[in-house]
Amino acid sequence: MTDSPKDFQLESYNIEVPQFLIAQYPREARGDSRLMVLYRDSGTWKHTSFSRISEFLPRGCCLVANNSKVFPARLRGKKPRTGGSVEFLLTTPLPLLQTEPLDKEWKQAKAAGLLRPSRRLRDGERLDFGPDLVFRALQQYEYGHVEGVLFWRGNLEAVLDCAGTTPLPPYIKRQEEGIDRDRYQTVFAKEEKKGSAASPTAGLHFSREIFDSLAEKDIQWREITLHVGYGTFSPLREQDIRKHRMHAEYVEIPEETAVSVNQARKEGRPVTALGTTSTRALESAAFADGTIEPWQGWCDLYIYPGYRFRVVDHMITNFHLPGSSLILMVSAFAGREQLLRAYKNAIQNSYWFFSYGDAMLIL
């Protein structure tokens, strides 16, 4: 697969997705998700349902998923100085907050997030999100990215459960509903991994019944953690996509996963990444020979056409926003022209797009 000059131009990834195909609700509202199986070697695809995915995954493959859990990261509050309303998306993973006592009642920790509207704040300006939660802005960057100190009283998770809402993407044109707290969450998300400001949405299609079908084909299930944060939201504004820089997201690859991935590669069994976040995590840990080691740390790997994958053989993913870093990653995996043809076919066949949308398996 060769790269062309168009592969590096942002406009080459433009594709118009009709508004009525942007999924506003999880799959329970419309039945089983659909699945497009894209065969890279032939450039052909097949339409099926996601509940049949095990039929298309190679027997004995190693399937790696992101077990990070979404927390109620979207906060709406006030600026006491002006009385103006403000929305803040907390992007620092909860497990990474370095908590310090402030007094007998209050605690504090350095934190970062996205501010809307993104008008500049005064240095040290305070944002109130109720009686038990305050943010003080210390440093503001482009596009609403802000760093500062978070102050809270009581248990932070309980405070966020009351003050925060599910961080649904902005293209979902409705307020949070009860179903979102449960279904903007994978069934395998771990409570102790509560740190994502967006869901690893390829995993939303999985159910306990699908796990049973995976076991019947001896498919090995392994997990990593990547706390989805600002890197997912950071827009591409450079026409030359090579100039974009990813913001770092925190990754953990446990020993069990590293051992299983390496053993699968040694035995010639494919490694399948469930989602772009799992793909980024695995590839960020890869050595030149495709092996990986257990590690934890910050990952800013930016995958776009021209990248040569070392670990991942197959990928399960949703249909992504045109011009996003996610569609660039999938284009690097499947080929830009081939992927855009598949997207156009998905539109013609009324697939649902984006976070609550349908899925694609790339073989």
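Hey, got the dipole for the chain? About the Cα centre, +1 on K and R Cβ, -1 on D and E Cβ, debye to the nearest 20? The dipole of the chain has a size of about 880 debye. With viscosity 0.692 mPa s and temperature 37 °C, the Kirkwood radius over alpha carbon pairs of segment 73-165 converts through Stokes-Einstein to a diffusion coefficient of 251 µm²/s.
How would you order 14-27, 219-232, 80-93 from highest to lowest mean count of nearby Cβ atoms within 10 Å? Display every interim value, and only then the final one.
On the way: 14-27: 15.1, 219-232: 23.6, 80-93: 17.4.
The peptides rank, most packed first, as 219-232, 80-93, 14-27.
For segment 120-200, count all C-alpha to C-alpha pairs, find those more than 21 Å apart, and express that count as a whole percent of the total. Working shown, then result.
Numbers: 1444 of 3240 pairs.
Here the long-distance tail beyond 21 Å is 45 percent of all Cα pairs in segment 120-200.
Please list the three semi-axes, largest first and in whole Å, of the ellipsoid equivalent to segment 114-253, using sqrt of 5 times the eigenvalues of its alpha carbon gyration tensor.
Working: eigenvalues 199, 93, 43 Å².
Three semi-axes, in Å: 32, 22, 15.
Calculate, in nm to one decimal, what THR44 and TYR143 gain on full extension: separation in residues at 0.36 nm each, minus their alpha carbon distance. Write down the numbers at each step before the final one.
Working: separation 99, 0.36 × 99 = 35.64 nm, distance 3.94 nm.
Full extension of this stretch gives 31.7 nm more.
Report relative contact order for the chain in percent, whole number only (criteria: Cα-Cα under 8 Å, sequence separation at least 6).
On the way: 777 pairs, mean separation 88.9, N = 363.
Reported relative contact order: 24 percent.
Rg to Rh for segment 1-160: what is it, with Cα atoms only and Rh by Kirkwood? The partial results should precede the final answer.
Numbers: Rg = 22.5 Å, Rh = 20.3 Å.
The Rg/Rh ratio comes out at 1.11.
Remark: spin-label model distance TYR171-ASN155 equals 3.7 nm, labels positioned 7 Å along the Cα→Cβ axis.
The residues packed around ASN66, meaning those with a beta-carbon under 12 Å from its beta-carbon, carry a net charge of +2 if Lys and Arg are +1 and Asp and Glu are -1.
Over all distinct Cα-Cα pairs of segment 301-363, the Kirkwood formula returns a hydrodynamic radius of 12.0 Å. How big is D, in µm² s⁻¹, for the chain by Stokes-Einstein at 4 °C and 1.567 mPa s if Rh is the Kirkwood radius over C-alpha pairs? Diffusion coefficient, whole number: 61 µm²/s. Relative to the current alpha-carbon distance between GLN98 and ARG341, full extension at 0.36 nm per residue lengthens the span by 82.8 nm. For the pair segment 224-297 / segment 1-26, the C-alpha centres are spaced 22 Å from each other.
Every number in this text was worked out from the coordinates using simple rules, so none of it is lab data. Only a predicted model underlies this, so the values are computations on that prediction, with no experimental measurement involved. Heads up, the Cβs are rebuilt from the backbone with ideal geometry, glycines too, and the neighbour counts pull from every protein chain shown.
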